[in-house]
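First up is the structure itself, then whatever we jot down about it.
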Amino acid sequence: MNTIISTPNGGRSGLQKTGFALLYLLLCAAAVIQILPLVWLFLFSIKNSQEVFDLPPFAFPASPKWENYTNVWERGNIGQYFMNSVWITLVSVILTVLLASFVTFAMTRMRWKLQGLVLGIFMVGMMIPVHSTLIPLFNVFQKVNLIDSQWSVIWSYTAFNLPITIMILLGFYYALPKEVEEAAVMDGCSVNRLFFRIILPMTSSVIVTAAIINMIYNWNEFIFVNTFINSDTLKTLTVGVQSFVGQYTTDWGAIGATLMISIVPILILFLLLSNRIVEGIAAGSVKG
């Protein structure tokens, strides 16, 4: 039976080159399919309401309506929605990552009763559907006067993102060398100083991964903001887009421009830090 083998100098055989070529073609096709919705949304955002329905989805308009972007930013209150999204997202991510780091440190570096039970309770949180908690959360926030407050959204994001963040951190924490901590304790290092000066810097890569994943979820979330926030000045981008939907008319171009503005920041962040996401997940899974 004749087979194609690798050359002695380490070069790839013809069969391997063909396989890699097919793989690259498939990956390129997948990349194009992933990009098409963004291209469609961009073209959607520079059309007027009539062109949205008259022109083919991927047709470039004869007269692009670039003013859709300036109109939504200046007259559509999008600037306020954008800043609200930034504020809520950043605070939620910081709280989630910090609290998850505390919990993971206690789970992996301390020995105490009910340790396994507490960890199990956190993991059960991943199985609770978000929609099933809306009415109980609304009643609780109403009793503590947090309805129509951005803190109701921040606390909800923090609580629902804690389980997945803890799971991401666990594998990495289990693999941390305890000799470093033992040497620090021998030198008189307190628990607080040990955590903030040694543990957190050592886990920076996986923390960045968890922060980016949380950031993407918080930025795109709709249900909590739409349920707990009533004031227009407190809404985020994902909910603020509804302001362009009227009872009788809908400004489709403005909706497209708003959605494009909401996508660009998180897309740029993902492209810049995608390597850190893969690095953090791989480090936690391999070392754990």
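Miscellaneous remarks
- Among the residues making up the stretch 247-260, those that are in a helix (DSSP H, G or I) and of a type in the set (Val, Ile, Thr) are Ile255, Thr258.
- For the condition closer than 30 Å to Ser152 by Cβ, open to solvent by less than 70 Å² (accessible area, probe 1.4 Å), at pLDDT below 85 and not in a helix (DSSP H, G or I), Gly76 qualifies.
- Cross-chain or 6+ apart pairs with Cβ under 7 Å, the stretch 152-163 first and closer than 15 Å to Val124 by Cα, then assigned to a helix (DSSP H, G or I) and open to solvent by 10 Å² or more (accessible area, probe 1.4 Å): Asn161/Tyr217; Leu162/Leu99; Leu162/Phe122; Leu162/Gly125; Pro163/Phe122; Pro163/Met123; Pro163/Gly125; Pro163/Met126
Let's see how each residue does on (1) touching a Pro at 6+ places or on another chain (Cβ under 9 Å); (2) part of a helix (DSSP H, G or I); (3) among the aromatic types (Phe, Trp, Tyr):
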residue: Pro64; (1), (2), (3): no, no, no
residue: Thr70; (1), (2), (3): no, yes, no
residue: Leu99; (1), (2), (3): no, yes, no
residue: Val118; (1), (2), (3): no, yes, no
residue: Phe122; (1), (2), (3): yes, yes, yes
residue: Val140; (1), (2), (3): no, yes, no
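- For Glu67, the conditions (1) farther than 24 Å from Leu194 by Cα; (2) buried (at least 16 other Cβ atoms within 10 Å of the Cβ); (3) over 26 Å from the mean Cα position of the chain (by Cα) all hold with the exception of (2).
- Contact annotation: residue pairs with Cβ atoms under 6 Å, 6 or more positions apart or on different chains, pairing a residue in the stretch 223-235 that is in contact (Cβ under 8 Å) with a residue 40 or more places away in the chain with a partner that is among the small types (Gly, Ala, Ser), are Phe224/Ser156; Phe228/Ser152.
- Pairs, first in contact (Cβ under 8 Å) with a residue 40 or more places away in the chain in the stretch 167-193, second open to solvent by 90 Å² or more (accessible area, probe 1.4 Å) and assigned to a helix (DSSP H, G or I), C-beta under 6 Å, six or more apart: Ala175/Lys287
- Among (1) open to solvent by less than 50 Å² (accessible area, probe 1.4 Å); (2) modelled with pLDDT under 85, the one test that Leu272 misses: (1)
- Test for Ile213: is it open to solvent by 50 Å² or more (accessible area, probe 1.4 Å), at pLDDT 80 or above and over 27 Å from Leu146 (Cα atoms): no
- Looking only at residues in the stretch 80-97 that are in contact with a helix residue (DSSP H, G or I) (Cβ under 9 Å, 6 or more places away or on another chain) and of a type in the set (A, V, I, L, M), the one that is most open to solvent (accessible area, probe 1.4 Å) is Ile94.
- Neighbours by Cβ (under 6 Å, 6+ apart or cross-chain): first from the stretch 251-274, under 20 Å from Pro64 (Cα atoms); second open to solvent by 30 Å² or more (accessible area, probe 1.4 Å) and of a type in the set (Lys, Arg): Gly253/Lys65
- Every condition in (1) under 16 Å from Asn226 (Cβ atoms); (2) small (Gly, Ala, Ser); (3) exposed (fewer than 13 other Cβ atoms within 10 Å of the Cβ) is met by Ser149 except one, and the failing one is (3).
- The number of residues in the stretch 35-49 that are closer than 18 Å to Ser262 by Cβ and either among the β-branched types (Val, Ile, Thr) or open to solvent by 60 Å² or more (accessible area, probe 1.4 Å) (or both) comes to 6.
- Count of the stretch 107-116 residues, restricted to those that are part of a helix (DSSP H, G or I) and either surrounded by 14 or more Cβ atoms within 10 Å (Cβ to Cβ) or on the phi > 0 side of the Ramachandran plot (or both), is 3.
The values are calculated or read from the model by the stated rules, or taken from the named source; none is laboratory data. This is a predicted model, so every value here is computed, not measured. Virtual Cβ from ideal backbone geometry, glycine too; neighbours counted across all protein chains shown. For accessibility, only protein heavy atoms count, side chains too; no ligands or nucleic acids. Shrake-Rupley method; radii C 1.70, N 1.55, O 1.52, S 1.80 Å.
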